[in-house]
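Visitor: My questions will all concern the structure given below.
The values are calculated or read from the model by the stated rules, or taken from the named source; none is laboratory data. The shown structure was predicted, so the numbers you read here are calculated from the model rather than taken from an experiment. Using ideal geometry, Cβ is built from the backbone for each residue, glycine included, and neighbour counts are taken over all protein chains shown. Accessible surface is based on the protein model in full, side chains and every heavy atom, while ligands, DNA and RNA are left aside. Shrake-Rupley method; radii C 1.70, N 1.55, O 1.52, S 1.80 Å.
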Amino acid sequence: MSELITATAADLAAKLAAGEVSSAEVTRAHLDRIAAVEPSVNSYLHVSEQAIATAEAIDARRAAGEQLPTLAGVPVAIKDVLCTVDMPSTAGSRILEGWVPPYDATPVRKLRENGLVPLGKTNMDEFAMGSSTEYSAYGPTRNPWDLERIPGGSGGGSAAAVAAFEAPLALGSDTGGSIRQPAAVTGSVGVKPTYGGVSRYGAIALASSLDQVGPVTRTVLDAALLHDVIGGHDPRDSTSLTDVWPSFEQAARRGAQEGSLKGLKVGVVKELAGGEGFQPGVLARFRESLELLEQNGAEIVEVAAPNFEYAISAYYLILPAEASSNLAKFDSVRFGLRVTPQGGGTVEQVMAATREQGFGPEVKRRIILGTYALSAGYYDAYYGSAQKVRTLIQQDFSAAFEKVDVLVSPSAPTTAFKFGEKTADPLSMYLNDLTTIPANLAGVPGISLPAGLADEDGLPVGIQFMAPARADERLYHVGAALEALLVDRWGGPLLHRAPQL
Amino acid sequence: MARAELMDYDKALELYEPVLGFEVHVELSTRTKMFSDAPNPAFADNHGASPNTQITPVDLGLPGSLPVVNETAVHYSISLGLALGCSIAESSRFARKNYFYPDLAKNYQISQFDEPIAFEGSVDIELEDGTVFTVPIERAHMEEDAGKLTHVGGATGRIQGAEYSLVDYNRAGVPLVEIVTKPIFGAEGRAPEVGKAYVSTIRDIVRSLGISEARMELGNLRCDANVSLRPRGQEKLGTRTETKNVNSMRSVERAVRYEIQRQAAILAKGGTITQETRHWHEDTGTTSPGRPKSDADDYRYFPEPDLLPVQPSAELIAQLRAALPEAPAVRRRRLLEEWGFTELEFRDVKNSGLLAEIEDTVAAGVAPAQARKWWTGEIARIANTKGAEPAELITATAVAEVQSLVDDGILNDKLARQVIEGVIEGEGSAAEVVEKRGLKLVSDDGPLIAAIDEALAAQPDVLEKIRDGKVQAAGAVIGAVMKAMKGQADAARVRELVLERAQA
């Protein structure tokens, strides 16, 4: 494999800055890789036709002596949930097939302003509903570690693209784990920032109070570099925080230095670190990582979060409720698919026919669930109670963070499962997000990074750290620290052990 | 449609007590919309745009777009709440009202539900005979307007029978405040008048606040009228109907009256009132059934997750309260006293909506009676022929300038009217119009005396009468002289001179 595609974004940035390689060369290498492996992986829904031209323009600016941002010239893949003016933005749904938005999502605009080169749009479960990409209307993405297995979801396309060296960087969105769980099962790194840390403007909404855009990469440092680019206040998103954020790159670099873990208090969330549904190989790698942290000066304590056991139930009321409303706009009147019943029909009949044909089964399931949960007479029992649970979960987090600096858990209870294994039983699919959902409900940031391979199936296992809201910096610090120790132990990045595609 | 049976109005009142309720929507005249930076068509400079040109991705509800609250609209809403005597919520929330309709871009409306920005107030309204009636206000909340549907191909312009419909989203997202009254008891036979006076008072309030043009014909102010009847002596409220979009003062009055008569006829026959919305038909003065509406209407309200709660500081509220203009009722009482008009004169002025103009003109130094004369006379007449609002035609300062020319003896009333017309036609200031049109009074007695002598010579019989002491006969001569002078003479001076010359 070409070094241009296995290199980290940080290394590529350095080589580009030093003039050792051009953005056009790097971009071409990735397009070649995409052409070679896409037939088996299917990470991309759309590959940009302008990537080379964009790269050449960056090269020209550099050649003219312009001082460019750190990641200028580095290619990036974009989850199809984000609006892009130059590529269709479908959120993995038939109902938006071919729709090209008239505006860029704010994180995409920031990518362009920083000179990154969009390679294309990545596959996802329809409207980000799912944990396997099996619910994409355009066919599933396959896990580069085992093509018979799921790459996680909803952001399986972004994670697989990064893991299969089809992009050094990708953007994802995480509503209940859609960045972190795919990262875990593909051996890559994914970060869900603090709610409000990255603008949601132009991210096609699933559940507004839970959605957050974030980086998907192969190293913690690369995630930090990408987060530095996309983060910050956006007046177009009222829920975006006005904080001035520290440099996450610096946090990751400090974390990677020896001795950075000394005195760090790490809390193991009892409710997320074992029990029914957790695969032994996942728990084994998790415990190893804890030992490694401890050996290097971190203090490991167990903390209780008694309300986390209600997180999934609350989540599967709040998410469908908000989604049922957010997805109401897909009615054929102003954009997207329009299905007219035979012989014509009223606007109501056209709306119904369009939604019947345009939405897949999981989307319909959640719209029905959410509509029910918000109905008069049921609101208090369902949506109202779920919001109360959410408050309790936030309180659990607050109490825990009074005792520890970061919390830790496995990123997902299992490694990648096989296609079709859970589609017949939606509840078992939902349970795969057990570990990631609490962070979304509380708005706190979380990172998933590789912790090794499970003994029983040889597939990647992820470890998750969570920090208090606004303390994303800590994730990069501890994440980079553990990553350095693990890579050292493995003798190289985990992804280099993935089978050749 | 079969014509509904109506009960005699007085008979209806004898048997039943009417209970009213109003929902008034006010379009705020902010520069941009409630949740986007698109131009707001309810702002004066933005009128008359082509369909679907005053829109952004937010107004079209495009995927990924997000609303942002217009701060000015919040300030306007707080001011309105305060003017209605409401408490302002320390924290209020937006909520989504979910229903599918093609004029609603997102298929939900961002409104307020359980936490409105203003609540629990009351407003005093004045009936035509000066009686003050207090209307209790339940709440005033912020929301966005929907787009506008035009149904094409049907006979009625309604959706039934139409071949297709056009949607204009310019209006989508226009900031609205919805003012909801509590049930209004005690209006009795004056219920229709109470309805009219209430809407008129709301219009006065929003105009005095400067937060809306409040032109009902443009839909800036829209009224839904709720009417129910209960048999005399019964405590339980009757079933109500909600007559939508009753969009003139007079229609409010007529619609309330009609519903009272219609419902009474049904109840008297042992029938039941269907809880429903009804359409108002301006041409026939009747209402017809819309869609059934029950309390179980399910809009699946939930807090809008894309927006933060609105939490105005105590300082902001105090500041807006301090800036409130005088309440219309208080102001009217003050002006009536200051101006010394008769009740009838004052009511005329009030009903022509010219209080502010006259007030400004008086402030510019014109006597109240003169100010009233110009505004309700010549200016109102020209406005009427032009189909415009008087205030759009001429400023109070210009009127004051004309009056001062009259006071200085340079113009008489007739000439002054021509000057006003000239100013309105854009010929310049009053002085410039006088100059250009050559409208000055002849102040030199020489030409007047010549004209008088000529007129007296031409009418020897009149001269005789004057000499016999019948001075009123001088009128004929004065008329002839004024005509000869083309009106540009001071009639009083002409009269003096006629009497003088007759004795000569």
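Visitor: Within the range A:114-135, find all residues whose amide N lies under 13 Å from a label point positioned 7 Å from the Cα of A:Arg61 along Cα-to-beta-carbon.
Guide: The answer is A:114-118, whose backbone nitrogens lie closer than 13 Å to the label point.
Visitor: Expressed as a fraction of 2.2 N^0.38 Å, the rule-of-thumb size for a compact globular protein of N residues, what is the C-alpha radius of gyration of the range B:445-503?
Guide: Details: Rg = 10.0 Å, N = 59, 2.2 N^0.38 = 10.4 Å.
Ratio of Cα Rg to 2.2 N^0.38 Å: 0.97.
Visitor: Okay, moving on. What average number of partner chain Cβ atoms lie no more than 10 Å from the Cβ of the residues making up A:236-242?
Guide: Details: counts 8, 4, 10, 5, 1, 0, 0.
Counting other chains' Cβ atoms within 10 Å and averaging over A:236-242 gives 4.
Visitor: Follow-up question, since we're still on this one. If one computes the Cα centroid of the range B:1-34 and of the range B:94-113, what distance in Å separates the two points?
Guide: 24
Visitor: Show the residues, 5+ positions off or on another chain, whose built amide H is closer than 5 Å to the amide H of B:Ala95.
Guide: Those qualifying (amide H under 5 Å, at least 5 residues apart or on another chain) are B:Ser111, B:Gln112, B:Phe113, B:Glu304.
Visitor: Could you give me D for the range B:30-140, from Stokes-Einstein at 10 °C and 1.306 mPa s, where the hydrodynamic radius is the Kirkwood radius over C-alpha pairs? Units µm² s⁻¹, please.
Guide: Working: Rh = 16.3 Å.
Approximately 98 µm²/s, per Stokes-Einstein.
Visitor: Let me know the longest stretch in chain B that avoids all trypsin sites (Lys or Arg not before Pro) found in a DSSP loop with at most 11 other C-beta atoms within 10 Å. Show your work: numbers first, answer last.
Guide: Details: sites that count: B:Arg3, B:Arg158, B:Arg232, B:Lys236, B:Lys269, B:Lys470, B:Lys486.
Answer - B:270-469.
Visitor: For the residue pair B:Lys470 and A:Arg338, what label-to-label distance in nm results when each label sits 7 Å from Cα along the Cα-to-beta-carbon direction?
Guide: 8.5
Visitor: For the residue pair B:Gln418 and B:Glu282, what label-to-label distance in nm results when each label sits 7 Å from Cα along the Cα-to-beta-carbon direction?
Guide: Inter-label distance under the simple model: 3.9 nm.
Visitor: Evaluate the distance, in nm, between pseudo-label points positioned 7 Å from the Cα of A:Glu20 and of B:Leu127 along their respective Cα→Cβ axes.
Guide: Distance between the two pseudo-spin positions: 9.2 nm.
Visitor: Just name one of A:Gly277, B:Ala83, A:Asn296: the one whose Cα is farthest towards the positive end of the charge dipole of the protein assembly as shown (beta-carbon charges, Lys/Arg +1, Asp/Glu -1).
Guide: Of the listed residues, the answer is A:Gly277.
Visitor: Something else about it: 5 Å is the cut-off here: which amide hydrogens, built 1.01 Å from N in the peptide plane, fall below it relative to A:Leu119, excluding neighbours closer than 5 in sequence?
Guide: Distant-sequence amide H within range of A:Leu119: A:Val76, A:Ala77, A:Ile78.
Visitor: Then there is this: If I fit a long axis through the Cα atoms of helix B:474-484 and take the longest principal axis of the Cα atoms of chain B, what angle between them do I get, 0 to 90°, rounded to 10?
Guide: The two axes meet at around 80 degrees.
Visitor: A further question on this structure: Tell me, what HN-Hα J-couplings in whole Hz come from the Karplus equation 6.51 cos²θ - 1.76 cosθ + 1.60 at θ = phi - 60° for each residue of the range A:79-90, using x for Gly and Pro?
Guide: The phi angles translate into 4, 5, 7, 9, 6, 9, 6, 10, 9, x, 10, 10 Hz.
Visitor: Still on this structure: Calculate the translational D of chain B in whole µm² s⁻¹ from Stokes-Einstein, where the hydrodynamic radius comes from the Kirkwood formula applied to all Cα pairs, the temperature is 20 °C and the viscosity 1.002 mPa s. Could you put the intermediate results ahead of the total?
Guide: Values: Rh = 26.6 Å.
The calculation lands on 81 µm²/s.
Visitor: When only DSSP loop residues count, what chymotrypsin sites (Phe, Trp or Tyr not before Pro) in the range B:1-102 have their Cβ near at most 16 other Cβ atoms within 10 Å? Don't jump to the answer; show the numbers that get you there.
Guide: On the way: sites: B:Tyr9, B:Tyr16, B:Phe22, B:Phe35, B:Phe43, B:Tyr76, B:Phe94, B:Tyr99, B:Phe100; in loops: B:Phe35, B:Phe43, B:Phe94, B:Tyr99, B:Phe100.
Here the chymotrypsin sites (Phe, Trp or Tyr not before Pro) that fit, given the DSSP loop and packing criteria, are B:Tyr99, B:Phe100.
Visitor: Using Cα pairs closer than 8 Å and at least 6 residues apart in sequence, work out the relative contact order for chain A, in percent. Write down the numbers at each step before the final one.
Guide: On the way: 1218 pairs, mean separation 86.4, N = 501.
Rounded, it is 17 percent for chain A.
Visitor: Around A:Ser247, what is the net charge, scoring Lys/Arg as +1 and Asp/Glu as -1 over all other residues with Cβ under 12 Å from its Cβ? Write out the running numbers ahead of the final one.
Guide: Numbers: positive: A:Arg253, A:Arg254; negative: A:Asp228, A:Glu249, A:Asp472, A:Glu473.
Neighbourhood net charge equals -2.
Visitor: How much of the accessible area of the range B:9-300, in percent, comes from carbon and sulfur atoms when a 1.4 Å probe is used? Before the final figure, lay out each step's value.
Guide: Numbers: 5490 of 11380 Å².
About 48 percent, which is the carbon plus sulfur part of the accessible surface.
Visitor: Counting only other residues whose beta carbon sits under 9 Å from that of B:Val174, what net charge do I get with K and R as +1, D and E as -1? Could you put the intermediate results ahead of the total?
Guide: Details: positive: B:Lys33, B:Arg171; negative: B:Glu27, B:Glu144, B:Asp145.
Cβ neighbours under 9 Å give a net charge of -1.
Visitor: Residues of the range A:266-294 with amide nitrogen under 15 Å from the 7 Å Cα-to-Cβ point of A:Glu309?
Guide: Answer for the range A:266-294: A:270-277.
Visitor: Ok, one more. Positive end of the charge dipole of chain A (Lys, Arg +1 and Asp, Glu -1 on Cβ, about the Cα centre): tell me which of A:Pro341, A:Ala439, A:Ser199 has its Cα farthest that way.
Guide: Comparing the listed Cα positions along the dipole, A:Pro341 ranks first.
Visitor: If you build the convex hull over the alpha carbons only and average its shadow over all orientations, what do you get for the range A:327-433? Give it in nm² to one decimal.
Guide: So the mean shadow area of the Cα hull is 11.1 nm².
Visitor: On a C-alpha basis, how far is the centre of the range A:464-484 from the centre of the range A:1-68 in Å? Whole number, if you could?
Guide: 28
Visitor: Still on this structure, please answer the following. Determine the calculated [θ] at 222 nm for chain B from helices alone, applying -39500 (n - 2.57) to every DSSP H run no shorter than 4 residues and normalising by the residue count; nearest 500 deg cm²/dmol. List each step's numbers first, then the result.
Guide: Details: 18 runs with 194 residues, N = 504.
Result for chain B, helices only: -11500 deg cm²/dmol.
Visitor: Then there's this: Working out 0.36 nm times the residue gap between A:Leu147 and A:Asp380, then minus their Cα-Cα distance, what length gain in nm do you get to one decimal? Don't jump to the answer; show the numbers that get you there.
Guide: Values: separation 233, 0.36 × 233 = 83.88 nm, distance 4.44 nm.
Between A:Leu147 and A:Asp380, full extension yields 79.4 nm more.
Visitor: Turning to a different aspect of this structure: Rounded to a whole number, what is D in µm²/s for the range B:84-220 from Stokes-Einstein with the Kirkwood radius over alpha-carbon pairs (4 °C, 1.567 mPa s)?
Guide: On the way: Rh = 17.3 Å.
Stokes-Einstein gives a translational diffusion coefficient of 75 µm²/s.
Visitor: How large are Rg and Dmax for the range B:9-300 when only the alpha carbon atoms are used, in Å?
Guide: 19.3, 59
Visitor: Note every residue of the range B:79-103 with a reduction of at least 10 square angstrom in accessible area, all protein chains present versus the isolated chain, computed with a 1.4 Å probe, or write none.
Guide: Going by heavy-atom accessible area, the residues of the range B:79-103 that drop by at least 10 Å² are B:Arg96, B:Asn98, B:Phe100, B:Pro102.
Visitor: Also, I was wondering about something else. Quick one: putting +1 on the C-beta of Lys and Arg, -1 on the C-beta of Asp and Glu, what dipole do you get for the protein assembly as shown around its Cα centre, in Debye to the nearest 20?
Guide: Around 1220 debye, computed over the protein assembly as shown.
Visitor: Next up: Averaged over all directions, how much area does the convex hull of the C-alpha atoms of the protein assembly as shown cover when projected, in nm²?
Guide: So the Cα hull casts an average projection of 54.2 nm².
Visitor: Report, to the nearest 10°, how far helix B:328-339 tilts away from the longest principal axis of the Cα atoms in chain B, using its own Cα long axis and a range of 0 to 90°.
Guide: The two axes meet at around 10 degrees.
Visitor: May I pose another question? For B:Met7, A:Met1, write out the residues from largest to smallest accessible area, computed with a 1.4 angstrom probe and no ligands counted.
Guide: Numbers: B:Met7 25, A:Met1 115 Å².
Ranked from most to least accessible, the order is A:Met1, B:Met7.
Visitor: Moving to a separate point now. Among B:Gly365, A:Ala160, B:Gly154, whose Cα lies farthest out toward the positive end of the dipole of the protein assembly as shown, if unit charges sit on the beta carbon of Lys, Arg (+1) and Asp, Glu (-1)?
Guide: Result: B:Gly154.
Visitor: All other residues with a Cβ under 14 Å from the Cβ of A:Gly190 taken together, and with Lys, Arg as +1 and Asp, Glu as -1, what is their net charge? Please report the intermediate quantities before stating the final value.
Guide: Numbers: positive: A:Lys79, A:Arg180, A:Lys192, A:Arg218; negative: A:Asp174, A:Asp222, A:Asp433, A:Asp472, A:Glu483.
Local net charge: -1.
Visitor: Nearest 10 degrees is fine. How inclined is helix B:491-503 to the longest principal axis of chain B, computing both from alpha carbons?
Guide: The angle comes out at about 20 degrees.
Visitor: With a cut-off of 16 Å, note down the residues of the range A:461-491 whose backbone N falls inside the zone around a label point 7 Å from the Cα of A:Arg497 toward its beta carbon.
Guide: Flagged as within label range: A:461-463, A:483-491.
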